[in-house]
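The values are calculated or read from the model by the stated rules, or taken from the named source; none is laboratory data. What you see is a predicted model; the values in this text were computed from it and never measured. For neighbour counting, all protein chains shown are included, and Cβ atoms are generated from backbone atoms with ideal geometry for every residue, glycine included.
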Amino acid sequence: MLAGPCISIGPLVPNDFAPMFRWSNDVEAARLNGAYRPVDWVAHKTWCDNVGRDPSRVVFAIRRHNDPALVGYIEIVNINPIHRSAQLGIRIGEEPDRGHGVGREAVRLALHYGWNHLNLNRVYLTTLKHNQRAIRAFTAAGFRREGLLRRAEFIDGKWVDIVLMAALCPPGRAKNRPPPPVAEATCL
């Protein structure tokens, strides 16, 4: 488990699967990172049962300190040990938990894990151009914009652009140091 000022990221447990299933079928939440497509319980359960068996994927539960309830999850996927790169994805489950720095802190902890435990050099992600809250959080966590995929996805009857972002392992970074502090952390 990795801990920051307000949250920790650690292993998923079976009680986490039901809220994750609910979030994957939340139309409003889906609009934050892609087109909505319902997920059935069998496919979700299969994914949950196999999440720890895929060496190209690490999934962390996001929890507030001293609270066992799942706030969200963050995953590092497409881990490539040759190129030392991977892709990052995150979901903060409920709207009241968004916009308070939970995602930014989770991203920083996940990057720390990627640099110090997976020996990654580059972590990339994509986000919808209109999701400015996510772009601000990713930027605050160390990501920089690398490009734009114009009219890349068709969501709710219109074409949307996708922003490409990446973070590079800081040069000369001493391994196994704690992650950098989160600026102005205000735990709720």
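Screening ARG104, ARG84, ARG91 for residues that are farther than 22 Å from ASP156 by Cβ and either among the β-branched types (Val, Ile, Thr) or touching a helix residue (DSSP H, G or I) at 6+ places or on another chain (Cβ under 8 Å) (or both) leaves exactly one candidate, ARG104.
Out of all the residues in segment 128-146, is one or more in contact (Cβ under 8 Å) with a residue 60 or more places away in the chain, surrounded by 19 or more Cβ atoms within 10 Å (Cβ to Cβ) and either farther than 25 Å from PRO171 by Cβ or in contact with a strand residue (DSSP E or B) (Cβ under 7 Å, 6 or more places away or on another chain) (or both)?
Within segment 128-146, one or more residues are in contact (Cβ under 8 Å) with a residue 60 or more places away in the chain, surrounded by 19 or more Cβ atoms within 10 Å (Cβ to Cβ) and either farther than 25 Å from PRO171 by Cβ or in contact with a strand residue (DSSP E or B) (Cβ under 7 Å, 6 or more places away or on another chain) (or both).
Within segment 1-20, restricting attention to residues that are surrounded by fewer than 18 Cβ atoms within 10 Å (Cβ to Cβ) and in a strand (DSSP E or B), the residue that is modelled with the highest pLDDT is GLY10. As for segment 103-114, it holds no residue that is assigned to a strand (DSSP E or B), within 22 Å of SER24 (Cβ to Cβ) and either modelled with pLDDT under 95 or among the polar types (S, T, N, Q) (or both).
Residue pairs whose Cβ atoms lie under 8 Å apart, sitting 6 or more positions apart in sequence or on different chains, and linking a residue in segment 1-21 that is without any contact (Cβ under 8 Å) to a residue 24 or more places away in the chain and within 21 Å of GLY114 (Cβ to Cβ) to a partner that is of a type in the set (A, V, I, L, M, F, W, C) and surrounded by 13 or more Cβ atoms within 10 Å (Cβ to Cβ), are MET1/ILE9.
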